[in-house]
Amino acid sequence: MDLQSATMLQALPESKTLSILNKVTRLKQEGHDIINLAGGDPDFNTPNMIIVEAEKAMKLGMTHYVNSNGIPELRNEIAHKLKIENGVNYDPSQIIVTAGGKPALYVALKSIINPGDEVLVINPAWVSFEPLITMVGGHAVSVDLNPNDHFKLTKELLDAACTERTKAIIVNNPNNPTGRVLSIEEFHNLRDVVIEKDLILIADEVYEKLVYGTHQFTSLASIPGLENRTITVQSFSKGHAMTGWRLGYLALPSELVPAASNIQGHLATCTPAFIQKAGVVALKEAKEEVEYMRSIYDKRINQVVTYLNQIPNVNCPHPEGAFYVFPEIKFRNFDSIELANYLLDEAKVAVTPGIAFGSSYLHNIRISCAMSERELEEALRRIEKALTKIV
Ligand code: GLU
């Protein structure tokens, strides 16, 4: 019997963020005192009114199949949110509610990719973009942004990566792991290439609610010229501290809805109804709670950036959004994997190696600030001690 997995998937790597999480969980179970700054899971509890609503919905019997694209109440609320907060007009029929951001990305990619089509991935990029493109039969093409140029997204870089086979560009804004928020100039660079090369833009905007200082979030679909070419992907995980609920959505051009709906129907049947009800309350009633969490991340990021930058050979740019920092660290010629392993062994602090986000980021690590100030302070002390240790 041939028990080999599909050829296309044999080289598919496991999720680098989840494999670290699994390793940390195992080490903690073995009794090691590890501080986990590798993950993107908010330390906050989900706001209470969201939990109460899910419980109420379950008790009222919302435990059955519902419309595979989502309950009307949530799709209407999402369309309203996209219009009022983001200035984009998607009809509720253009919205599909999914079990988190990853399935939304999968449905988006599966709806548009033919075998061998190329999708540009702007690096540093979240670890699952490339595997998701592979899973739908596409080919990921890296566009490596330069840390010495503030990770700026230029038209030249995009043009150089496009070929006859390019079908789409996938962009995460605000960015995980750098925390960059795209500028107007970068929006225009993207728009020009998308229009000139007749591409589809997949805008992963899951860190929308986490933007700091004078920076402002702008939805890519609101940029004139991009409104009919953009698939917007969203999640409740980060801004609402709802990672474990698995709730997200995609909003897409109406021409793509029939294919995307069929994929969603066959793949998921539907997203649990009581969780969708909770999502309605999250959008309508949790604004203050979301803003409170944002303000705390803001403080923590300041704390972490200031601390790291006073350690010799550490250069930590200040993120503009999301809740990670992505410092460059020169230490004993270690590459990012060696450095992450060293920090785990020596400091008992888990971080994500920069190379997980693109092969060019050899000396960066990603540190998550989704952890209490007390733990961050202790982790920073340990990291400093490890990085200033004389051999
Ligand atoms: N998005 C988070 C991260 O980058 C969660 C883990 C994952 O799904 O990759 O750490």
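The values are calculated or read from the model by the stated rules, or taken from the named source; none is laboratory data. Given the structure is predicted, the values throughout are model-derived calculations rather than measurements. Note that each Cβ is placed from the backbone with ideal geometry, even for glycine, and that neighbours are counted across all protein chains shown. These accessible areas exclude ligands, DNA and RNA; they are computed on the full protein's heavy atoms, side chains included. Shrake-Rupley method; radii C 1.70, N 1.55, O 1.52, S 1.80 Å.
Run the simple label-point estimate for residue 4 and residue 44 please: 7 Å along Cα→C-beta, distance reported in nm.
Spacing of the two 7 Å Cα→Cβ label points: 4.9 nm.
If you count only protein heavy atoms with a 1.4 Å probe, what accessible area per residue comes out for the stretch 177-327, rounded to a whole Å²?
Result: 37 Å² of accessible area for each residue.
Among residues other than residue 316 whose Cβ falls under 14 Å from its Cβ, what is the net charge (Lys/Arg +1, Asp/Glu -1)?
+1
Residues of the stretch 343-360 with amide nitrogen under 19 Å from the 7 Å Cα-to-Cβ point of residue 33?
Answer for the stretch 343-360: 343-351.
Kindly provide the helix-only [θ] at 222 nm of the chain, computed as the sum of -39,500 (n - 2.57) over DSSP H runs of four or more divided by all residues, to the nearest 500 deg cm²/dmol?
Theoretical 222 nm ellipticity from helices: -12000 deg cm²/dmol.
Roll a 1.4 Å probe over the protein heavy atoms and report the accessible area of residue 270 in Å², nearest 10.
In the full protein context, residue 270 sits at about 20 Å².
For the stretch 33-54 and the stretch 80-144, what is the separation of their Cα centres, given in Å?
About 25 Å separates the Cα centre of the stretch 33-54 from the one of the stretch 80-144.
What percent does the relative contact order of the stretch 207-300 come to when contacts are Cα pairs within less than 8 Å and at least six residues apart?
Relative contact order here is 27 percent.
Which of the lysines could a cross-linker bridge to residue 16, judged by Cα under 20 Å and excluding same-chain residues fewer than eight apart?
28, 102, 238, 348
Under the 0.36 nm per residue contour assumption, what length would be gained going from the current alpha-carbon distance of residue 330 and residue 146 to full extension?
Using 0.36 nm per residue and subtracting the Cα-Cα distance, I get 64.5 nm.
Given springs between every Cα pair under 10 Å in a Gaussian network model of the chain, which of 195, 35, 133 has the largest fluctuation?
Largest GNM mean-square fluctuation: 195.
To the nearest 20 Debye, how big is the dipole of the chain about its Cα centre, given +1 on the beta carbon of each Lys and Arg and -1 on that of each Asp and Glu?
Dipole magnitude for the chain comes out near 700 debye.
So what does residue 139 come to for accessible area, using a 1.4 Å probe and Å² rounded to 10?
Approximately 100 Å² of residue 139 is accessible to the 1.4 Å probe.
What does the convex hull of the Cα atoms come to per residue for the chain, in Å³?
Normalising the Cα hull of the chain by residue number yields 163 Å³.
Could you work out how far apart the two model spin labels at residue 262 and residue 195 are, taking each label as a point 7 Å from the Cα in the direction of the beta carbon, and quote it in nm?
In this crude spin-label approximation the distance works out to 3.2 nm.
May I ask you to list the residues of the stretch 64-90 whose amide nitrogen lies under 18 Å from a point 7 Å from Cα along the Cα→beta-carbon direction of residue 284?
Once the point is set 7 Å along Cα→Cβ of residue 284, 70-85 turn out to lie under 18 Å by backbone N, inside the stretch 64-90.
Between helix 287-309 and the chain, what is the angle of the helix's C-alpha long axis to the longest principal axis, kept within 0 to 90° and rounded to the nearest 10?
30 degrees
Could you tell me what percent of the DSSP beta bridges with both partners in the chain are antiparallel, to the nearest 5?
Bridges in the chain that DSSP calls antiparallel: roughly 45 percent.
What part of the accessible area of the stretch 135-174, given as a whole %, is carbon or sulfur when the probe is 1.4 angstrom?
49 percent
Please report the net charge: other residues with Cβ closer than 9 Å to the Cβ of residue 382, K and R +1, D and E -1.
Taking every other residue near residue 382 into account, the sum is 0.
Give me the one-decimal nm value for the distance between modelled label points at residue 214 and residue 359, 7 Å along each residue's Cα-to-Cβ direction.
3.9 nm
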